[in-house]
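What follows is a short report on a single structure.
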Amino acid sequence: MFRALARATAALGPQAAGWVRNMASHQLLVAPPKALLKPLSIPNRLLLGPGPSNLAPRILVAGGLQMIGHMHKEMFQIMDEIKQGIQYVFQTKNPLTLAISGSGHCALEAALFNLLEPGDSFLVGANGIWGQRAADIGERIGAQVHPMIKDPGGHYTLQDVEEGLARHKPVLLFLTQGESSSGVLQPLDGYGALCHRYQCLLLVDSVASLGGVPIYMDQQGIDVLYSGSQKVLNAPPGTSLISFSDKAKNKIYSRKMKPVSFYLDMKWLANIWGCDDQPRIYHHTTPVISLYSLRESLALMAEQGLENSWRQHREATAYLQERLQGLGLQLFVKDPAIRLPTVTTVAAPTGYNWRDIVNYVMDHFDIEITGGLGPSLGKVLRIGLLGCNATRENVDRVIHALQEALQHCPQNKL
């Protein structure tokens with residue numbers, strides 16, 4: 001090959017010879033980063049924030065398996081098993097059920113990009129950061145967004161929702177089942193039927209609640225449900241779960257214009273995930289290794305059983321709340337019936353800078369807890385018991401760390 005290149009260069013003359021020399025003649029201006037010439041070092045931490053959570057050992061093993069092609073038949077089999085797992089954890093028989101190549105935010109955008117068109121009326125339960133984000137995305141689409149604003153710690157009654165439905169006549173209502181920024185569990189029984197009486201679809205965020213509290217997509221009349229991989233499922237962040245009822249699917253397939261995003265166009269995604277009974281066509285390169293991990297996380301949930309997982313989280317969190325109150329700390333959500341069993345919020349202790357407490361627990365014990373987020377920032381500490389992390393042993397560890405923090409962190413620094 002090189003002899004042929006030399007002959008061609010001679011034939012083309014001096015100018016072409018200069019072109020050939022210059023193909024590799026520029027000096028490198030950026031040296032190899034010294035940091036990348038060292039081994040990767042990751043601390044061993046217990047993640048007891050609102051997510052991501054620690055990976056289960058079996059999921060760690062899945063992440064080390066060899067790559068296969070994203071269009072191989074074996075990959076399609078894994079994708080089909082993931083769909084079945086999502087149908088189980090969502091308790092739905094919806095054919096349009098799949099995983100999104102992106103985090104929970106991506107699933108939220110997939111729902112809104114496909115369901116909303118410019119001018120549509122969109123009713124949003126905004127009692128924390130996730131409702132705020134849904135409203136923001138709806139505005140970007142050009143929907144007429146109507147937020148029902150509540151302070152952190154509040155939830156929506158059927159009366160609240162019916163008033164919004166009657167006033168704004170929305171095509172879609174957004175509610176967050178597990179509002180991780182405030183620790184609120186939103187009731188869902190009756191909300192789907194109420195929405196349908198007003199010709200409205202119900203969209204529910206279950207990112208922080210799935211696997212930790214009961215949810216029954218079909219029986220509760222939820223039209224669109226999404227969740228994430230990195231919380232109770234103990235899988236790496238970067239994939240999310242979503243399902244659409246027939247009513248929601250019909251709205252998608254009767255749109256007047258294409259969704260604003262090609263990447264999240266549900267017609268394309270339905271095809272690559274085998275939801276439309278048509279030969280699968282390349283749409284995007286799915287995150288193969290992450291899907292191995294998601295498959296294994298759903299397998300672990302299937303083996304444990306949803307009811308056992310719900311019980312595990314309920315019991316571990318009850319123990320956590322008892323121990324927290326034993327330290328003299330106040331639970332932020334006053335009504336026990338609407339406390340989220342996966343993420344507990346504690347009122348920020350008076351006289352302390354919450355950042356000092358979070359940093360002390362991390363620096364001295366390698367345990368992550370966090371402060372508030374969005375409207376709850378500065379008001380709460382958040383402690384997550386997610387999936388395999390929801391144990392009495394972990395509760396004892398974080399309580400000991402908090403006890404030490406309260407003894408050693410400076411007070412009156414606000």
request  = Confirm whether Ile367 is touching a Cys at 6+ places or on another chain (Cβ under 7 Å), open to solvent by less than 60 Å² (accessible area, probe 1.4 Å) and outside the structural domain of Arg133 (by the TED database).
outcome  = no
task = Could you grab me the full set of residues in segment 381-395 that are of a type in the set (A, V, I, L, M, F, W, C) and within 21 Å of the chain's Cα centre (by Cα)?
result = Leu381, Ile383, Leu385, Leu386, Cys388, Ala390
query = For Lys334, all conditions in the list (1) more than 21 Å from Leu47 (Cβ to Cβ); (2) buried (at least 18 other Cβ atoms within 10 Å of the Cβ); (3) assigned by the TED database to the domain that holds Leu385 hold save one; what is the number of the exception?
reply = (2)
key: Enumeration of residues in segment 157-184 that are within 19 Å of Ser121 (Cα to Cα), under 24 Å from the mean Cα position of the chain (by Cα) and either not assigned by the TED database to the domain that holds Gly104 or not hydrophobic (A, V, I, L, M, F, W, C) (or both)   = Thr176
request  = Among what's in segment 371-387 and is out of contact with any Lys or Arg (no Cβ under 9 Å at 6 or more places or on another chain) and open to solvent by 10 Å² or more (accessible area, probe 1.4 Å), pick the residue that is nearest to Asn353 (Cα to Cα).
outcome  = Gly378
remark   = Looking across segment 113-143 at residues that are among the charged types (D, E, K, R) and under 18 Å from the mean Cα position of the chain (by Cα), the single one that is surrounded by the most Cβ atoms within 10 Å (Cβ to Cβ) is Arg133
request  = Go through segment 334-379 and give me each residue that's part of a loop (DSSP other than H, G, I, E, B) and not hydrophobic (A, V, I, L, M, F, W, C).
outcome  = Lys334, Asp335, Pro341, Thr342, Pro349, Thr350, Gly351, Asn353, Asp366, Gly372, Gly378, Lys379
task = List every residue pair whose Cβ atoms sit under 7 Å apart, with the two residues 6 or more apart in sequence or on different chains, where the first one lies in segment 153-177 and is farther than 19 Å from Gly138 by Cβ and touching a residue at least 24 places away in the same chain (Cβ under 8 Å) and the second, anywhere, is outside any strand (DSSP E or B) and small (Gly, Ala, Ser).
result = Gly153/Ser182; Leu158/Gly190
key: Close pairs from segment 381-406: first under 17 Å from Gly328 (Cα atoms) and in a helix (DSSP H, G or I), partner basic (Lys, Arg) and open to solvent by 60 Å² or more (accessible area, probe 1.4 Å), Cβ under 8 Å, at least 6 apart   = Val395/Arg323; Asp396/Arg323; Ile399/Arg323
task = Answer yes or no: is there a residue in segment 94-102 that is open to solvent by 10 Å² or more (accessible area, probe 1.4 Å) and more than 14 Å from the chain's Cα centre (by Cα).
result = yes
query = If you check Ala390 against the conditions, is it under 26 Å from Phe90 (Cβ atoms) and open to solvent by less than 40 Å² (accessible area, probe 1.4 Å)?
reply = yes
key: Hits in segment 292-313 - residues which are touching a strand residue (DSSP E or B) at 6+ places or on another chain (Cβ under 7 Å) and in the same structural domain as Gly211 (by the TED database)   = Leu294
task = Find the residue count for segment 80-108, including only residues that are part of a helix (DSSP H, G or I), closer than 12 Å to Trp273 by Cα and in contact with a helix residue (DSSP H, G or I) (Cβ under 7 Å, 6 or more places away or on another chain).
result = 2
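The values are calculated or read from the model by the stated rules, or taken from the named source; none is laboratory data. Treat the numbers as computed from the prediction; the structure is a model and nothing was measured. Ideal geometry is used to build each Cβ from the backbone, glycine not excepted, and the neighbour counts take in all protein chains shown. Areas reflect the complete protein model, heavy atoms only, side chains present, ligands, DNA and RNA absent. Shrake-Rupley method; radii C 1.70, N 1.55, O 1.52, S 1.80 Å.
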